[in-house]
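Notes follow once the structure below has been shown.
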């Protein structure tokens with residue numbers, strides 16, 4: 001079932017297209033990473049989806065309902081943790097969550113509050129004022145507020161910001177658990193987190209979608225590849241001067257090299273020719289799988 005659908009969305013600030021005719025769909029039960037460099041249009045897209053901004057063109061559908069037709073109903077279906085995570089610092093944690101529950105008119109609000117306090121790890125801190133909490137626990141309060149009304153679509157903008165490694169693992173598990181029966185759109189600059197949580201990734205650059213696929217397919221779909229080669233002999237970078245199509249040369253150790261090329265198969269043939277010409281002994285030769293960080297750099301470098 002399609003939970004979120006964007007159709008030909010466009011948002012313009014002055015002469016700049018922050019969002020340039022983008023379309024994608026998210027299915028129920030998907031946890032999708034939404035990536036892009038600063039200024040790519042990522043936050044603008046999230047604000048349009050949540051109704052904070054109105055697009056010049058295009059439509060947003062959530063659960064099959066057009067956002068512009070019934071904006072109040074749409075907001076009831078969304079749980080949103082913004083990057084800024086604006087909170088009322090003078091309120092106690094439980095008091096704040098009670099206020100949010102009242103805004104959503106949750107009938108069994110005490111049960112809902114206890115549930116989100118438990119799953120976000122706020123059990124030891126809920127009696128404190130929000131202003132007394134660390135940044136990581138403030139982030140948990142924001143996540144609890146986003147979850148309290150059991151939304152169909154959960155939008156998280158930098159949800160692990162300010163968390164220590166142990167807290168990151170805990171919140172990661174919460175997100176994964178929520179993703180079993182909700183749709184989660186997860187935005188982060190920490191690519192390791194995206195790789196750990198998400199199966200699918202959408203990358204936006206200059207307001208356009210430049211990639212939309214599962215992480216494994218995204219890596220194999222790129223033309224540029226890394227080839228790792230190990231020689232018995234020690235080589236220098238100059239030994240690769242006659243290899244064509246090289247984008248990058250990294251020395252792992254005196255015997256091992258990692259080479260980035262626009263054609264891995266052709267690069268392997270050239271390396272074999274190099275070994276024959278210079279009487280070199282190859283110990284290993286393999287094509288490396290691109291990780292998400294490298295894919296991101298290749299797709300957003302210009």
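Between residue 273 and residue 196, what is the FRET efficiency for a Förster distance of 35 Å, r being their Cβ-Cβ separation, to the nearest 0.05?
Details: r = 40 Å, r/R0 = 1.14.
So the FRET efficiency works out to roughly 0.30.
So what is the relative contact order for the chain, in percent, with contacts set as C-alpha pairs under 8 Å and at least six apart?
On the way: 552 pairs, mean separation 58.3, N = 302.
The normalised contact order for the chain reaches 19 percent.
Where both residues lie in the chain, what percent of DSSP beta bridges are antiparallel, nearest 5?
On the way: 41 of 58 bridges.
Looking only at bridges with both residues in the chain, the antiparallel portion is about 70 percent.
If I compute Rg and Dmax of the Cα atoms in Å from the structure I just sent, which labelled value in [x] 23.7, 78; [y] 19.2, 59; [z] 23.7, 73 lines up?
Working out Rg and Dmax of the Cα atoms in Å from the coordinates points to [x].
Neighbour counts of other C-beta atoms within 10 Å: give me 205, 189 arranged from fewest to most.
Values: 205 20, 189 15.
By the 10 Å Cβ count, ascending: 189, 205.
How big is the shadow of the Cα convex hull of region 222-300, averaged over all directions, in nm²? Don't skip to the answer; put the middle values down first.
On the way: hull surface 19.8 nm².
Convex hull of Cα atoms, orientation-averaged projection: 4.9 nm².
Please report 25, 160, 300, 45 as a ranked list, fewest other C-beta atoms within 10 angstrom at the top and most at the bottom. It would help to have the intermediate numbers written out before the result.
On the way: 25 14, 160 23, 300 17, 45 29.
With the sparsest Cβ surroundings first, the list reads 25, 300, 160, 45.
Taking springs between alpha-carbon atoms closer than 10 angstrom, which of 234, 42, 208 fluctuates most in the Gaussian network model of the chain?
So, out of 234, 42, 208, the one fluctuating most is 234.
For a Förster distance of 30 Å, can you work out the FRET efficiency between the beta-carbons of residue 95 and residue 54, rounded to the nearest 0.05? Provide the component values of the computation, followed by the final result.
Working: r = 33 Å, r/R0 = 1.09.
Working from the Cβ atoms, E equals 0.35.
Based on the Cα gyration tensor of region 1-129, what are the three equivalent ellipsoid semi-axes, each the root of five times an eigenvalue, rounded to whole Å and given largest first?
Values: eigenvalues 196, 62, 40 Å².
Listed largest to smallest, the semi-axes of region 1-129 are 31, 18, 14 Å.
Give the separation of the Cα centroids, region 38-66 to region 103-143, in Å.
27 Å
FRET efficiency for residue 105 and residue 282, Cβ-Cβ distance as r, R0 = 45 Å, nearest 0.05? Walk me through the numbers before you get to the answer.
Values: r = 69 Å, r/R0 = 1.53.
Efficiency, from the Cβ-Cβ distance: 0.05.
Mind running the shape call on region 95-135? Use the C-alpha gyration tensor, a ≥ b ≥ c as the square roots of the eigenvalues: rounded below 1.5 for a/c, prolate if a/b tops b/c, oblate otherwise. Don't skip to the end; give the middle numbers.
Values: a/c = 2.71, a/b = 1.59, b/c = 1.71.
It comes out oblate by the Cα gyration axes.
Quick check: residue separation of residue 123 and residue 262 times 0.36 nm, minus the Cα distance between them. What number comes out in nm? Before the final figure, lay out each step's value.
Details: separation 139, 0.36 × 139 = 50.04 nm, distance 5.21 nm.
Stretched out fully, the residue 123 to residue 262 stretch lengthens by 44.8 nm.
Report the label-to-label distance for residue 1 and residue 23 in nanometres (one decimal), using points 7 Å from each Cα along the Cα→Cβ vector.
That separation, rounded to one decimal, is 2.4 nm.
Take the alpha carbon gyration tensor of region 68-155, find the square roots of its eigenvalues, order them as a ≥ b ≥ c, and report rounded if a/c is under 1.5; if not, report prolate when a/b exceeds b/c, else oblate. Walk me through the numbers before you get to the answer.
Numbers: a/c = 1.95, a/b = 1.53, b/c = 1.28.
Since a/c reaches 1.5 and a/b is larger than b/c, the shape of region 68-155 is classed as prolate.
Helix 135-147 sits at what angle to the longest principal axis of the chain, using alpha carbons and giving 0 to 90 degrees rounded to 10?
70 degrees
Please state the equivalent ellipsoid semi-axes for region 120-198: what are the square roots of 5 times the Cα gyration tensor eigenvalues, largest first, in whole Å?
Ellipsoid half-lengths, sorted descending, are 20, 15, 10 Å.
Can you list, bin by bin at 5 Å, the percent of alpha carbon pairs in region 126-278, starting at 0?
P(r) over region 126-278, rounded to whole percents: 2, 7, 13, 14, 11, 10, 9, 9, 8, 7, 5, 3, 1, 0, 0.
Quick one: if you stick a label point 7 Å off each Cα along the C-beta vector at residue 66 and residue 234, how many nm between them?
Computed distance between label sites residue 66 and residue 234 equals 7.1 nm.
Tell me what the chain gives for mean residue ellipticity at 222 nm when only DSSP H runs of n ≥ 4 count, each as -39,500 (n - 2.57), the sum divided by the residue total, rounded to 500 deg cm²/dmol. Display every interim value, and only then the final one.
Values: 10 runs with 100 residues, N = 302.
The helix-only estimate for the chain comes to -9500 deg cm²/dmol at 222 nm.
With a point put 7 Å past each Cα toward its Cβ, work out how far residue 243 is from residue 115 in nm, to one decimal.
5.6 nm
Taking the chain as the reference, fit the longest principal axis to its C-alpha atoms, fit the long axis of helix 93-103 to the helix C-alpha atoms, and give the angle between the two in degrees, 0 to 90, nearest 10.
70 degrees
Laboratory data are not the source of any read-out in this text; all were calculated from the coordinates shown. Please read all numbers here as calculations on a predicted model, not as lab measurements. No Cβ is skipped: glycine too gets one built from the backbone with ideal geometry, and neighbour counts run over all protein chains shown.
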